[in-house]
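The values are calculated or read from the model by the stated rules, or taken from the named source; none is laboratory data. On a predicted model such as this, the values are computed, not experimentally measured, just so you know. Here Cβ is always computed from backbone atoms with ideal geometry, including for glycine, and neighbour counts include all displayed protein chains.
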Amino acid sequence: MDMEKIKIFDTTLRDGEQSAGASMSVEDKLLIAEKLDEMKVDIIEAGFPYASKGDFDAVSKISEKTKNSIVCGLARANFNDIDCAGKSLKRAKKPRIHTFISTSELHMKYKLKMKKEEVVEAIKKSIKRAKKFTDDIEWSPEDASRTDLDFLYKTIDIAIASGATTINIPDTVGYAIPGEFGKLISNIKKNVTNIDKATISVHCHNDLGLAVSNSLSAIIAGARQVECTINGIGERAGNAALEEIVMCLKTRKDLLPFYSEVDNKKISSISHLVSTVTGFSVQPNKAIVGKNAFAHESGIHQDGMLKHSNTYEIITPESVGLSSSELVLGKHSGRHAFKVKLQNLGYKFEETKINELFVKFKSLADKKKQVFDEDLLALADEERSLKKSNLIELIDISISSGLKKKANAEVKLSYEKKIKLSNSDGSGPIDAVFKAIKKILNVKANLVVYQVNAITKGTDAQAEVSVRLEDEGVSVLGIGNDIDTIVASGKAYINGLNKLILKKDKAEDSKKALNSQAEEIDKHVI
C-alpha cells in the first residue's frame, strides 16, 4: 500500500498563544520555533504580524533563523494585514501568507457586516495582494463547518483561481463531529472543480473534545495538511494536539496509510518546553505527553508489562523521546552519561554550559533517590529560561515559620553586581520570600498567578513553580525549579522580575507602534 505524506502545520505560536494567559515573549517563540524546525514540522505559523509589534518581531526573527520549515504569517483579508505579514516574512527561505475571511451567514451578518458579494471581492483582492510577497498562499473560510455548502464551494473555487495553493477548512468553533467533518471534505473534493490545484488542510478546535478525531476523519477523506499545536493548546478548549496526530499516523498505519516527517522522538522535550514557557501544565493523563501516559499502577497491568510491554503499551516511551528506564541517572553518574542523556532528550548546550548543568544535576542527585527524565527536562528548560537575563540572582533563602509563629524570610540577592540582604514577615513562607525580594528591589509588580507542580513522584520530587507578574500593563511568566518548593518559588519570582525589567525597557518603544495600529486593528475589509 502506497503511503501518502501528511503535512504538519504547527500553530502553537499563533493560535496556541491565543490561549487565555499563554502570551509568549519573542525569545520564548524563538526557542519553540527552533525546536519545531529541528523536529521537521512542515509549516510553522509564527504569529499574526499585524496584531502587535511583538508578533511582527517574532515572525521576522523566526524567518531569519528557520532552516527547514516553511514560516507562515497570518493576515486578515485587508491590505494592511497582508503587507505587514509580507514584510515580516521577507527574510524567510520559504515564506507563506495565510489569509482568511468568514464565510458563514452568522459571521458575515454580525461580525463582518458584509454581503456575500463583498466577501467574494475581498477574497480575490486579498489573495492577489498576498501574491506580491510569495506564491505560497493559504486561504481559510473562517467558520467553514457552519457555512452554506454552495457558498463554501464557490469561495474555495474563487480562492484557488485567485492564486491560493492551500485551502484550509477550519472547524472554528469545534462544532463538527467526525463523520460530518469527513463528509464535508469529501464534498469539497467532489464539488470544487479546481480543488486538485490546491492542498486541502484542516484546522479543528476541541470544544467538544473531537479535534483530533475530526482531523483524522478529514485525512481519510482527502485532507493532506493538518493544523495543530503542541499539547493541544489554543483558543478556548484548544486545538488538535500535534503529538496525538503524529503518533496516530505512526501507530495505526493499518487503517491510516499516511506518514508525517516529524521527528516523534523530540515530542516530549518540546511538550515540556511549551508547558514551561506558557505556564500551562500538561494534565497527568494527557495522551502521549502526560506523566501517566506510560505509568502502570494496576497489578494486572504491571504483571502484563513485566511479561511483555505490548500487553498494555501501544507505543513506547522511547518513541516520543523518553527513557524506558524509570531510574535514568543518579549521583554516581558521570559527565559523559549526563551529556549523552541531554542530547537524547533533544538538548544541545556548549561545553561550559554542560559543566554548569552537571554541577546542578549532581546537587539534585545528592538530594533525590531517583533522577527522572522529567527532572533533566526541568533543569535544561530552567537554564534556557534563566539565561535570558541575570541582572538579579538568588544567592540564598532562609525561612522561619511554624504553627504558632508568623513566617519570616531572609533573602540574599545579587543585584547590579552588589549583594543585597532583606527580611520580611508574611502570611506564609512564600509570601514572606516574595515580600523580602520586593523590598530589596523596590518593585511594584503584582503577582497574578502562582502555580506549583511536582515534576516527578515522591516526597523528594522537584517542584516546578510558575508565576505571572504584571506591572503597568506588562505581563511576564517566571519559572523556577528546585527540590525545595520555597526556593523554587524564589527562583521563579526572580526569573519573572528579570524578564519584567527587560520587557519594560522595550515597552515604551512598542507603545507607539501599537497605538498607530490600534485604529486599524478591527477593520475586516479592504
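Residue pairs whose Cβ atoms lie under 7 Å apart, separated by 6 or more positions or on different chains, with the first residue in the stretch 459-477 and farther than 15 Å from Ser275 by Cα and the second assigned to a strand (DSSP E or B) and aliphatic (A, V, I, L, M), are Ala461/Ala454; Leu469/Leu447; Leu469/Val448; Leu469/Val476; Glu470/Val448.
Here are some residues: Leu255, Leu210, Leu216, Leu273. Which one is outside the structural domain of Asn481 (by TED's automatic domain parsing), out of contact with any helix residue (DSSP H, G or I) (no Cβ under 8 Å at 6 or more places or on another chain) and hydrophobic (A, V, I, L, M, F, W, C)?
It is Leu255.
Within the stretch 66-89, being in contact with a Phe, Trp or Tyr (Cβ under 7 Å, 6 or more places away or on another chain) and of a type in the set (Lys, Arg) holds for one residue alone: Arg76.
Taken together, the criteria place Ser23 among residues that are in contact with a Gly (Cβ under 9 Å, 6 or more places away or on another chain), surrounded by fewer than 22 Cβ atoms within 10 Å (Cβ to Cβ) and of a type in the set (Ser, Thr, Tyr).
Of all residues in the stretch 150-199, those being of a type in the set (Gly, Ala, Ser) and under 24 Å from Val212 (Cα atoms) number 6.
Within the set Leu31, Leu74, Leu36, the sole residue that is in a helix (DSSP H, G or I), buried (at least 24 other Cβ atoms within 10 Å of the Cβ) and touching a residue at least 60 places away in the same chain (Cβ under 8 Å) turns out to be Leu36. Go through (1) surrounded by 20 or more Cβ atoms within 10 Å (Cβ to Cβ); (2) among the charged types (D, E, K, R); (3) assigned to a helix (DSSP H, G or I) for Arg14 and report which single condition fails. Arg14 satisfies all of (1) surrounded by 20 or more Cβ atoms within 10 Å (Cβ to Cβ); (2) among the charged types (D, E, K, R); (3) assigned to a helix (DSSP H, G or I) except (3).
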